[in-house]
Number of protein chains: 2
Amino acid sequence: MAGTDRTQKAILGGPTVILVNPQLGENIGASARAMLNFGLTDLRLVNPRDGWPNRKARSAASHADLVIDAARVFETTREALAEMQVIYAATARPRDMLKDELAPHEAALEMRAAFSRGQKVGIMFGPERQGLANDDIVLARKIISVPTNPAYASLNLAQAVLLVAYEWFQSGDVIDAGRVRRTLPDEPPLAKHQDVIAMFEHLEAELDSAKFLKPVEKRQRMIRNIRNIFQRASLYEQEVRTLRGVIKALSESREPIV
Amino acid sequence: MAGTDRTQKAILGGPTVILVNPQLGENIGASARAMLNFGLTDLRLVNPRDGWPNRKARSAASHADLVIDAARVFETTREALAEMQVIYAATARPRDMLKDELAPHEAALEMRAAFSRGQKVGIMFGPERQGLANDDIVLARKIISVPTNPAYASLNLAQAVLLVAYEWFQSGDVIDAGRVRRTLPDEPPLAKHQDVIAMFEHLEAELDSAKFLKPVEKRQRMIRNIRNIFQRASLYEQEVRTLRGVIKALSESREPIV
């Protein structure tokens, strides 16, 4: 049950999200929702403009109550970061600051490694308009910056949280399984080759008697083209039965063409 | 300036986002913003609940006016998809439908490859509460499903658009680096959606007159299953013509069943 394990791990922990001076309750709520979507639960707020608790935040959180209920409020960034060990600043890089800048998927791999070594990982996000102040950015080990369309770069706060949380969650798949799981939990049996071929022969016999596979020098190529359509679909057993029924129904009472 | 080139390419095109029956203008606007952040500009709306234009959509789009201004409204999914050639459904996979499911980053690579071959790529998103209806999902080649915390999986509409658009943008880096190119040198044109639908309707009319789609309460489901087989195969134009010929040949001289 690798999937379950991963999820439980994520729900029990993951990096802390620190929103510095957030303005709108809606954005705090939407950030909480995005966090929980991707298994993050520890939310800290530094000096939220409209106080705390915040009705709009709860409403926008849309049932991510456990994140909202557990959120902690601090007066300063310094207090919010107190026991953090590995800190990132999600922001555009300031011109005059020399600090490594990572894309979210790169940061996620680093965070995952730190987290799995038991380190406390925190990610700061700045207020809606201004982004993080330089004095806060400087507290971070590295910057996380989302590559965007340079002609329209402004990401909403909750969307930035979403992308960072999403990459965190994705990185769990990478770690756990080497690639993303594509489950088809109750996938029915694929058709056996012999049954597919029998269906083709049924179809082709009907097409022969309808004089469709003409002229004879094109017959083989037409057959190949028709078979190719169905082979690309990777038919299931049940689908082969359905197609047999379709062929039978269409041709059943057809008069022989003389 | 590889970055600039990629961006300009992205800004000039990219897949079409089709929002089917969206309810809240805020979500349409936030989707437009997310699209433009990641270089997508072609937005189509199928029957938006609150009509169009929509003041709240424009306000939530936060200066992504070019996407809102260019958005086109259609009455049906069928019209919105008319000239699309490669269609994805962003949704949770329905239990009873057999269709490949991709994570957004996998889908992005496929879409990027299709787009670079000049194919029209569309991604459908369903309405806020229900998600896409099965009859719409069946029109897609594959499903795009965002892996989330199973204990809290519900993604907001605009957030789903954001993640798919984000991965599209990310995949541009991969393509430029030459890692993904899967050229099919002289691939023939894929069928347009409207031509595939016309073929389905031809087939279903023949099956109706053969009394195959019975009993009536199972008709819709049988149709869905049959359509799904062909949609998985991603038909080429020539193949649609071949299948029309097959249907015609099989049923041509069939006697009406009384």
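In 20 Å bins starting at zero, report the fraction of Cα pairs in the protein assembly as shown per bin as a rounded %.
21, 48, 24, 6, 0
Given DSSP loops and a limit of at most 13 other Cβ atoms within 10 Å, what is the longest stretch of chain B that contains no such GluC sites (Glu not before Pro)?
The reported range is B:84-258.
Assume the label is 7 Å from Cα along Cα to beta carbon: what separations in nm does B:R49 have to the matching positions in the other copies?
Result, one decimal in nm: 2.8.
List the pair-distance distribution P(r) of chain B, using every Cα-Cα distance, as the percent of pairs falling in each 5 Å bin from 0 up to the bin containing the longest distance, rounded to whole percents.
Taking all Cα pairs of chain B, the binned fractions are 1, 6, 13, 16, 17, 16, 12, 8, 5, 3, 2, 1, 0, 0, 0 percent.
Relative contact order for chain A: what is it in percent, counting Cα pairs under 8 Å that are at least 6 residues apart? Intermediate results must be reported in sequence, preceding the final value.
Values: 371 pairs, mean separation 48.9, N = 258.
Relative contact order, chain A: 19 percent.
Pop the C-beta distance of B:S62 and B:D96 into the FRET formula with R0 = 30 Å and round what comes out to the nearest 0.05.
The pair B:S62/B:D96 has a calculated efficiency of 0.15.
If you put a point 7 Å past Cα along the Cβ direction, how far is that point for A:P94 from the same point in each other copy, in nm, smallest first?
Values, ascending and in nm: 5.4.
Do any trypsin sites (Lys or Arg not before Pro) in segment B:93-131 lie in a DSSP loop with no more than 13 other beta carbon atoms within 10 Å, and if so, which?
Those that pass, being in a loop and sparsely packed, are B:R95, B:R129.
On alpha-carbon atoms, Rg over Rh for segment B:20-98 using Kirkwood Rh?
With Rh from the inverse mean 1/r over Cα pairs, Rg/Rh is 1.00.
How many nanometers, to one decimal and shortest first, lie between the label point of B:R72 and those of its other copies, if labels sit 7 Å from Cα toward Cβ?
Distances to the matching label points in the other copies: 5.4 nm.
Using a Förster distance of 30 Å, how high is the FRET efficiency between B:E79 and B:Q238, based on the Cβ-Cβ distance and rounded to 0.05?
For B:E79 and B:Q238, the calculated efficiency is 0.75.
What's the FRET efficiency of B:D50 with A:K214 using the Cβ-Cβ distance as r and R₀ = 51 Å, to the nearest 0.05?
0.35
Please identify the DSSP H helices in chain A that span no less than 20 Å along the helix axis (Cα) and have a mean Kyte-Doolittle hydropathy of 0.0 or more.
Span-like helices in chain A: A:157-177.
Write out the chymotrypsin sites (Phe, Trp or Tyr not before Pro) in segment A:42-148 meeting two conditions: DSSP loop, and at most 12 other Cβ atoms within 10 Å of their Cβ.
Sparse-neighbourhood loop chymotrypsin sites (Phe, Trp or Tyr not before Pro): none present.
Since every read-out is calculated from the coordinates, none of them should be taken as a lab result. For clarity, every value in this text was computed on a predicted model and none was experimentally measured. With ideal geometry, Cβ positions are generated from the backbone for all residues, glycine too; neighbour counts draw on all protein chains shown.
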